Amino acid sequence: MSSSIMRSLDLQLELDLKERRGRSQQLVAGLRRAIESGRLLPGARLPSTRGVAADLGLARGTVTSAYHRLIAEGYLESVQGSGTRVVAAHHGEARARRPPPGTCSPWQWNLRPGLPDVTMFPRAAWVRSTQRVLRLVPAEALDYGDPRGRPELRQALADYLGRTRGVVTRPERIIVCHGFTQALGLIATVLAEQGMGTVSVEDPCYPLFRNVIETAGLNVHPVGVDERGLRPEGLRGQAAVVTPIHQYPMGATLTPARRKALVAWAEEADAVIVEDDYDGEFQFGRQRVGALQALAPHRVIYAGTTSKTLAPGLRLAWLAVPGDWVERIAAAKRIADQHSAALTQMVLADLLRSGGYDRHVRRCRERYRIRREQLSSAVARGVPGAWLIGEEAGLHALVRWSPDGPGEREVIQAARRESLAVAALGGYWGTPGPHPPGLVVGYATPPQHGYAGALGALVRVLGRCFAA
Ligand SMILES: Cc1ncc(COP(=O)(O)O)c(C=O)c1O
């Protein structure tokens, strides 16, 4: 076996270049090792792809694709005018520092909730699906289309949702939107047009959604949650927006009794339930809980999104709506933006049909399950005064502690000093406190190689605050 030394980097990369196959993967692995071990320092500039290709006798495309792969994984970044560099966040012991030019996040570590690990985006599968779509796309698909979305995607989604989430629907009842944020805005618009005044919303919840509802001219009525999920006795108005699988951000799964009570309330009040199934794909137990929608398909608008499975930047989500809601939401969607981008919808449809979406979700689930266990044992071992809740599902968990412990502000300030981005529970309430303190930890957010460092920073921050 002959190995070659990559002199232009002044690094010994063990590469077996005799075999033509797998050279790009070897280059990726060699560079990854060099970065992880700290031999290539943060900010270090890599030689041009042309130079590396000439030195190693490789095709330039081989080197380019290795660089692209490492950019996708978050190891390298391409900086306008100054080539390719190692990004800052790979070195476990590195301290907060000014971000290198071209890096948008000023944080060394990011455990903010609400994001998947976007470096896992299935680029190769997406490229393959895009190529298939472009080869076969009919001219008709490039014209204005149905406000509900492309028929291929609605069919693929109806199949997928029935199979994986137990949703009872048909392609005609699916409406594709630019994220759940837009979908909720459309529902709120329709409710306002119908003269509805009040929407029940879990408290705490994702604050943007309260704004979306209020912007449509509706009142938000906060409903408390506990360890069994939303408390149905607090429901009011003509609609409720709920997260039954994994309450956002507290993390409880709505119990079967409360699911029934929620549906009974909706029947009684002639109300509609909006089921925000934002992270239903990521349930870690053997028994997965299916969508609430199956209990009352005529009362529940089911919502799913690619923002947690693929990437929020795609802005692709879907609703499965009761028959009598289809026309009204489709009309609102047409007024908002005609319809979502046809080609992107077709690519997602292909990814779903080819099994690529399922494979990707499985990979992510496995990775997040391991990260969740690491978080759980790191908090149990490193922060005796705190405990974790809501980690049975999803991409985030809540670190809780007694009100006698440190204040949230103190913890956030300590995190800032450690260059750790993390969210305090305080920002999610819709009612004045006092509320129990906590941190909402997005364990899916960092790239894989940044997770151990982020976790270490979290434990240091909490450990210090509890010791003070
Ligand atoms: C509770 C909850 N639901 C849904 C979403 C997804 O919204 P969108 O599809 O607009 O990205 C988010 C995103 O942060 C969220 O926090």
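The values are calculated or read from the model by the stated rules, or taken from the named source; none is laboratory data. Just so we're clear, the structure is a prediction, and the values are computed from it rather than from any experiment. Counting neighbours? That spans all protein chains shown, and the Cβs are built from the backbone with ideal geometry, glycine included.
Of all residues in the stretch 205-222, those satisfying the criterion of being under 13 Å from Y428 (Cα atoms) and outside any loop (DSSP other than H, G, I, E, B) are P207, L208, F209, R210, N211, P222.
In the stretch 194-215, of all residues being surrounded by fewer than 23 Cβ atoms within 10 Å (Cβ to Cβ) and among the small types (G, A, S), the one that is farthest from the ligand (Cβ to nearest atom) corresponds to G195. Selection of first residues in the stretch 221-234 that are within 14 Å of C205 (Cβ to Cβ) and of second residues that are surrounded by fewer than 22 Cβ atoms within 10 Å (Cβ to Cβ) and acidic (D, E), restricted to Cβ pairs under 8 Å at least 6 apart or on distinct chains, gives the following pairs, ordered by first then second residue: P222/D203; V223/D203; G224/D203; V225/D203. Count of the stretch 247-288 residues, restricted to those that are farther than 17 Å from V300 by Cβ and within 14 Å of the ligand (Cβ to nearest atom), is 8. Could you please let me know if G149 is within 15 Å of the ligand (Cβ to nearest atom), surrounded by 19 or more Cβ atoms within 10 Å (Cβ to Cβ) and more than 26 Å from V263 (Cβ to Cβ)? Judged against the criteria, G149 is a match. When E267 is tested against (1) surrounded by fewer than 16 Cβ atoms within 10 Å (Cβ to Cβ); (2) touching a Pro at 6+ places or on another chain (Cβ under 8 Å), only condition (2) is not met.
Output the residues belonging to the stretch 227-241 that are more than 15 Å from Y428 (Cβ to Cβ), not in a loop (DSSP other than H, G, I, E, B) and not small (G, A, S). P232, E233 - these are the residues of the stretch 227-241 that are more than 15 Å from Y428 (Cβ to Cβ), not in a loop (DSSP other than H, G, I, E, B) and not small (G, A, S).
Here S82 fulfils each of the conditions (1) within 20 Å of F121 (Cβ to Cβ); (2) surrounded by fewer than 18 Cβ atoms within 10 Å (Cβ to Cβ); (3) touching a Pro at 6+ places or on another chain (Cβ under 8 Å) apart from (1). Only residues that are more than 15 Å from the ligand (Cβ to nearest atom) and surrounded by fewer than 24 Cβ atoms within 10 Å (Cβ to Cβ) were counted in the stretch 311-335, giving 13. Only one of the numbered conditions (1) among the basic types (K, R); (2) surrounded by 20 or more Cβ atoms within 10 Å (Cβ to Cβ); (3) over 20 Å from Y206 (Cβ atoms) is violated by K308, and that is (3). The condition (being surrounded by fewer than 21 Cβ atoms within 10 Å (Cβ to Cβ) and over 25 Å from P312 (Cβ atoms)) is satisfied by just one residue among A386, A378, A424: A378. Can you tell me which residue among L184, L218, L191, L230 is within 16 Å of the ligand (Cβ to nearest atom) and either closer than 25 Å to R334 by Cα or at pLDDT below 95 (or both)? Exactly one residue qualifies, and that residue is L184. For the stretch 250-283, which positions are closer than 29 Å to R367 by Cβ and without any contact (Cβ under 8 Å) to a residue 40 or more places away in the chain? Scanning the stretch 250-283 gives L254, T255, E275.
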